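Let me begin by presenting the structure, written as structure tokens, before commenting on it.
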């Protein structure tokens, strides 16, 4: 088969290329994120003239299962300064996994359809069920994108709260017992960008619905748009 680039000069093909690209951007920026926060603990021992300072560290990575993430204290200088691990509050695993699932499925589907447009577009157009199936899958993925992006936006808000250690750590026992200072934490701007990519994908997938709808054989009483032919008209009245 000779490659046919004509479909990519049309909206349905060009938008499919954009869907392929932005699907990669969406799930890649999500799974590639790794954030952490640190803080110092000043441990003052009884009857001691000087205290000990050591650091606490917390990490946040995909799939963002905060129930399994803990603040830990590497090698405190004195056993009396050891503190129990602190579990992080909140959970964004389900939102992240669904968002990435939508991105990966969209990427794979766009890859398949790009190959079909490139190598078998004539057969695609001749077989009426192919454009209809393409249309239905695109509608489904558009719904997935708006649901996934909205849920992931909420998940990023949860992660932003969890990583902003200076807001919640002072309420923990370690900082009530000892002096905590020098709070630092990673930015979640990369995750915000992934949310933006999610909504861009929704616009692309929903925007392509109309162009695929025109390719189905059942539009306006069976007339295929752009096909140059129309279904025969049957007169409802008799001859005069």
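Per-structure values
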{"item": "Mean projected area in nm² (Cα convex hull; one quarter of hull surface) for region 6-213", "result": "12.9 nm²"}
{"item": "Computed FRET value (nearest 0.05) for residue 182 with residue 150, which takes r as the C-beta separation and R₀ as 30 Å", "result": "0.25"}
{"item": "Inter-centroid distance (Cα atoms) of region 84-137 relative to region 139-208, Å", "result": "22 Å"}
{"item": "FRET efficiency estimate (nearest 0.05) - Cβ-Cβ, residue 203 to residue 61, R0 25 angstrom", "result": "0.30"}
{"item": "Inter-label distance for residue 70 and residue 128, nm, one decimal - labels placed 7 Å from Cα along Cα-to-Cβ", "result": "6.4 nm"}
{"item": "Ordering of 118-130, 186-198 by packing [mean C-beta count within 10 Å, highest first]", "result": "186-198, 118-130"}
{"item": "Extension gain from residue 161 to residue 5, taking 0.36 nm per residue of separation minus the Cα-Cα distance", "result": "51.4 nm"}
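Just so you know, all these numbers are worked out from the coordinates, no wet-lab data involved. Remember, it's a predicted structure, so these values are computed and weren't measured experimentally. Methodologically, a virtual Cβ is constructed for each residue, glycine included, from the backbone with ideal geometry; neighbour enumeration extends over all protein chains shown.
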